[in-house]
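Contents: one structure, followed by commentary.
Rule-based calculations on the coordinates, nothing more; no lab input. What you see is a predicted model, and the numbers here were worked out from it, not measured in a lab. Here Cβ is always computed from backbone atoms with ideal geometry, including for glycine, and neighbour counts include all displayed protein chains.
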Amino acid sequence: MAADQGQQQASSESMATVAEKAPITVERKIRNDLETKLPKPYMPRAMIAPDMENINGTWGHKHSNMSVLQQHAAFFDQDNDGIIYPSETFRGFRALGFNPVASFIFMVLVHGAMSYATLPTWIPSPFFAIHIENIHRAKHGSDSGTYDTEGRYIPANLENIFSKYARTVPDKLTFKELWHMTQANRDAFDFFGWIASKLEWGVLYLLAKDENGYLAKEAVRRCFDGSLFEYCSKLQKGAVSKMG
Ligand code: HEM
């Protein structure tokens, strides 16, 4: 009997997501029910970005056999040649509705920060090209961990963002909660990653916040597979109506 109880206690301890002496684990919650809806939520997905509500990823979005991170960047590859030039990024940001000044600044930051790491040789590109084949090499620290090192997508890490930081409304982040998340994701002395993360999440907030100032989980998920960008550019052209 005592042995049974001991075993039960050991097994509940081995699954605990909270440690009494680490109050931060109480504050930032982890869900333990992901598997009830989403099979193997911990398994990185190469081509599809699912979550609890969309277990097959984005309906109607073509992966073209690219990794989820490659799909995220591919919207900006307007001639589909696998290489993104600054002019394409500028036009991509314009198509999303950003003004010329903001689009120019984002273009300089993205290509200044990401081109070199993605090049096929060590010789820098005078054109600041970004090679989509190697986009995984442009990953940085202090991120959410939702892309893995090879550019796959880890559903559990998307869910963790919302269970940890969405306090006001479930599955939606206020600007303050988003800021809190990027602060919490900081690796020590990773100044580049701190700034890169703030910019990525800040631009996403500007692009996809709703009329009440919330950033919805659905918008974040669709940012990861790039389908959000296609949707927003169609919205700008007036080709689709706004997401429910
Ligand atoms: C409106 C435009 C864009 C938005 C809103 C955006 C937003 C994001 C977000 C929110 C992340 C996730 C960061 C994390 O997991 O913490 C991310 C990651 C990434 N983005 Fe973008 N992005 C945009 C444009 C681009 C462009 C043009 C490129 C390159 C061509 C790019 C390349 C990347 C890469 C390489 C990562 C992985 C970084 C990492 O997880 O360490 N993004 N982006």
Candidates per chymotrypsin sites (Phe, Trp or Tyr not before Pro) in segment 46-96, loop by DSSP, up to 13 other Cβ within 10 Å: TRP59
At 20 °C in a medium of viscosity 1.002 mPa s, segment 79-169 has a Stokes-Einstein diffusion coefficient, with Rh taken as the Kirkwood radius over alpha carbon pairs, in µm² per second, of 143
Which length gain, in nm to one decimal place, applies between GLU150 and PHE104 when the Cα-Cα distance is subtracted from 0.36 nm times their residue separation? 13.7 nm
Tell me the relative contact order for the chain as a rounded percent, counting alpha carbon contacts under 8 Å between residues six or more apart. 21
Rg/Rh ratio calculated on Cα atoms of segment 142-233 (Kirkwood radius): 0.94
Taking 0.36 nm per residue of separation and subtracting the Cα-Cα distance, what length does fully extending MET15 through TRP179 add? 56.1 nm
Any chance you could list the semi-axes, whole Å, largest first, of the equivalent ellipsoid that the Cα gyration tensor gives for the chain, using √(5λ)? 35, 20, 18
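Helix-only estimate, please: 222 nm mean residue ellipticity of the chain, summing -39500 (n - 2.57) across DSSP H runs of length 4 or more and dividing by its residues, to the nearest 500.
Values: 10 runs with 112 residues, N = 244.
That comes out to -14000 deg cm²/dmol.
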Taking the Cα centre of the chain as the origin, how large is its charge dipole in debye, to the nearest 20, when only Lys and Arg (+1) and Asp and Glu (-1) carry charge on their Cβ atoms? 520
From the alpha carbon gyration tensor of segment 1-114, can you work out the equivalent ellipsoid semi-axes (sqrt of 5 times each eigenvalue) and give them in Å, largest to smallest? 45, 19, 12
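Could you sort 82-89, 226-233 so that the peptide with the highest average Cβ count within 10 Å comes first and the rest follow in order?
226-233, 82-89
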Got a sec? Which residues in segment 46-71 would a label at LYS234 touch, if it sits 7 Å along Cα→Cβ and we count backbone N under 15 Å? 58-63
When only C-alpha pairs under 8 Å and at least 6 residues apart count, what is the relative contact order of segment 142-233, in percent? 26
